1. Where residues in the range 23-46 are acidic (Asp, Glu) and closer than 20 Å to Pro73 by Cα, which of them is modelled with the lowest pLDDT?
2. Quick one: Trp159 ticks every box in (1) assigned to a helix (DSSP H, G or I); (2) modelled with pLDDT under 90 bar one, so which box is it?
3. Taking the range 162-187, which residues are among the charged types (D, E, K, R) and not in a helix (DSSP H, G or I)?
4. What is the residue count in the range 52-87 for residues that are surrounded by fewer than 12 Cβ atoms within 10 Å (Cβ to Cβ) and in a loop (DSSP other than H, G, I, E, B)?
5. Is there any pair linking a residue in the range 33-45 that is more than 18 Å from Leu70 (Cα to Cα) to one that is basic (Lys, Arg), with Cβ under 7 Å and at least six apart or on different chains, and which?
6. Conditions: (1) exposed (fewer than 10 other Cβ atoms within 10 Å of the Cβ); (2) modelled with pLDDT under 90. Asp49 meets all but one. Number of the miss?
7. If you go through the range 107-140 one residue at a time, how many are at pLDDT below 80 and β-branched (Val, Ile, Thr)?
8. For the subset of the range 167-189 comprising residues that are in contact (Cβ under 8 Å) with a residue 40 or more places away in the chain and among the hydrophobic types (A, V, I, L, M, F, W, C), which member is surrounded by the most Cβ atoms within 10 Å (Cβ to Cβ)?
Amino acid sequence: MEEEVWKKEIENDELNKFRKGNMSLVLDSYDALFSDFDPRPYSERSLSDDFVSECKSAAKDKDGAIELRLLIPTHLRKQHEEIKIKKRLKDYFKTHIKEVEKETKQIKKGGFIWFFIGSILLVTSTFLYEYKIDIRGVLNFLFDFLFIISQPAGWFLCWEGLDRIFVKPLQKVPDHDFYKKMSNAEIYFLNF
């Protein structure tokens, strides 16, 4: 009786090693992780969009430390390749964190520039309105035209700049969080 319970526990442990953990992905081979169009060795190869997409959907609802379990058929496992692949995966995710951070900084920098130009246009518009010279003819038309154009352009640039400073960077947060989680993930290769 005890022996049967013990065997069931071992079987359950074997089954649970595939179910436990934060993320488990079944792979036909190591090549499933990488782009089919990239002939370079595993240490330099581009990751497959399908693999990255699966990781994103699997990591979406995970909080805290992630454990990525890659299940490979036993007869295809090669320890020396797995070391290279783990390093490549970590490098990929760390590189993409930096890229997302760089993009976010560029968006914010552009937003500050837009906001600054918009503010200058609004100040110019105010000066044109306040210090309008009582001139007849073409110059009067020119001042009115500049006033009419500079006011909506200034508001547009200010609002668009503020959007780029505060709203658009928030769209990058999910990508940044994903790459951050994955760069800190523990990666294991298991027999399948």
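The values are calculated or read from the model by the stated rules, or taken from the named source; none is laboratory data. Remember, it's a predicted structure, so these values are computed and weren't measured experimentally. Virtual Cβ from ideal backbone geometry, glycine too; neighbours counted across all protein chains shown.
1. It comes out as Asp36.
2. The one condition Trp159 does not meet is (2).
3. The answer is Lys172, Glu186.
4. Number satisfying all stated conditions: 5.
5. Listed by first residue and then by second, the contacts come to Asp38/Arg45.
6. Asp49 satisfies every listed condition except (2).
7. Count: 3.
8. Here the answer is Met182.
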